[in-house]
Amino acid sequence: MSSHPYEVLTPDAVMDALASVGLRGDGRLMALSSYENRVYQAYLEEPVEGHNAVVAKFYRPGRWSEAQILEEHAFSAELSAAEVPAVAPLVLNGATLHKHGDFSFSVSPRRGGRAPELDDGEVLEWIGRFLARIHIVGAGKPFATRPALDLRTFGFEPRDWLLEHHKIPLDVQSAWEKQCNEALRMIEDTALGNRAADGIAMIRLHGDCHPGNILWTPGQGPHFVDLDDARTGPPVQDLWMLLSGDRSQRQRQLGGLVDGYEQMREFDRSELPLIEPLRTLRLIHYSAWLARRWDDPIFPINFPWFGSSDYWQGQVQMLEEQIEAMAEPALMV
């Protein structure tokens, strides 16, 4: 008996899944970088809709319901209909979501590109314009089944799960819990918490808009991939992960993004104080995500440093730094 569902997802199983929706691979199959799901690039004997290669995505069993996956697909279709450069699944046999064995999967066209140059003001403006267009579509209606990115789902719930499942070494647990609780207490006093409903818009988002999910094509600009983490949340969530470096660098990058964004959609500056709280929630959620996925053989291979006392001591230090960052004045544009 297999110890993990993905162990049965062999190259033959991938090719059989593609054949089940009428796509015949020519034998060339390449696994793409993905931890949450399994994603493969496959070349075809005959092109489909002008594409001689496709990307097959096999969803992690038990993560999303069928309704939640279909909401992701519907959102990507809305973006494509609005001519926003986001990669949407192909409609094959009248559907975007398919079943093969125990797996749900989708097939998308392959799109090339490189990482965007986030120190280039023109690139930042261009990305900002397209983020605004994503948010224009995202604000059109709510998700019905997909969860929100909020204090409960990214803060309290992962904290409680880590403690209840004894995932933190005892020599670090009390220090981590203390700093985590202090960070969450601070976030409770923001618009992400229950104590400060400041009228922040909560809309459908990309949700995981880091540089690796933006592919840049010279002359054509960015296109956005991987809406797997699409959720409801504040629009600034799709901007802050593109900021890096010291405060002056992040300030400059944010200015470029907002300059482009406001060519298409007004940006609510009252969201700026949420940047560091959102970064803190991602930090907590990320540790719980790694711990929850540890039975997947690919995780110990790719994250060998996770789970040690040194790792958790580093998390304590990072939480301390985030507590200081959340106490500082927010970035301004």
Give Val14, Val54, Val21 a once-over and let me know the one that is at pLDDT 95 or above and closer than 21 Å to Gly212 by Cα.
Val54
Would you mind telling me which numbered condition in (1) touching a Cys at 6+ places or on another chain (Cβ under 6 Å); (2) surrounded by fewer than 19 Cβ atoms within 10 Å (Cβ to Cβ); (3) not β-branched (Val, Ile, Thr) Arg159 fails?
(2)
Examine segment 168-178 for a residue that is in a loop (DSSP other than H, G, I, E, B) and either modelled with pLDDT of 95 or more or not assigned by TED's automatic domain parsing to the domain that holds Thr280 (or both), and state whether such a residue exists.
yes
Within segment 179-206, residues modelled with pLDDT of 95 or more and either out of contact with any Lys or Arg (no Cβ under 9 Å at 6 or more places or on another chain) or in a loop (DSSP other than H, G, I, E, B) (or both) come out as Gln179, Glu182, Ala183, Arg185, Met186, Ile187, Ile203, Leu205, His206
Restricting the first residue to segment 182-193 and requiring it to be outside the structural domain of Pro277 (by TED's automatic domain parsing), which pairs with a second residue that is not in a helix (DSSP H, G or I) meet a Cβ separation below 6 Å and a spacing of at least six or different chains?
none
Flag for Gly212 being within 12 Å of the chain's Cα centre (by Cα), over 19 Å from Ala148 (Cα atoms) and assigned to a helix (DSSP H, G or I)
yes
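The rows are residues; the columns are (1) among the charged types (D, E, K, R); (2) assigned to a loop (DSSP other than H, G, I, E, B); (3) in contact with a Phe, Trp or Tyr (Cβ under 9 Å, 6 or more places away or on another chain).
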site	(1), (2), (3)
Asp12	yes, no, no
Gly22	no, yes, no
Asp26	yes, no, yes
Tyr43	no, no, no
Glu46	yes, no, no
Glu71	yes, no, yes
Glu78	yes, no, no
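For segment 100-117, name all the residues that are surrounded by 13 or more Cβ atoms within 10 Å (Cβ to Cβ), in contact with a strand residue (DSSP E or B) (Cβ under 9 Å, 6 or more places away or on another chain) and either over 23 Å from Arg204 (Cβ atoms) or not basic (Lys, Arg) (or both).
His100, Phe103, Ser104, Phe105, Ser106, Val107, Ser108, Pro109, Arg110, Gly113, Pro116, listed by residue number.
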In this structure, does Ala17 turn out to be in contact with a strand residue (DSSP E or B) (Cβ under 6 Å, 6 or more places away or on another chain) and either on the phi > 0 side of the Ramachandran plot or assigned to a helix (DSSP H, G or I) (or both)?
yes
Mind counting the residues in segment 256-301 that are crowded, with 17+ Cβ neighbours inside 10 Å, closer than 30 Å to Leu9 by Cβ and over 17 Å from the mean Cα position of the chain (by Cα)?
3
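The values are calculated or read from the model by the stated rules, or taken from the named source; none is laboratory data. Note that the structure is predicted; figures quoted are calculated from it, not measured. Using ideal geometry, Cβ is built from the backbone for each residue, glycine included, and neighbour counts are taken over all protein chains shown.
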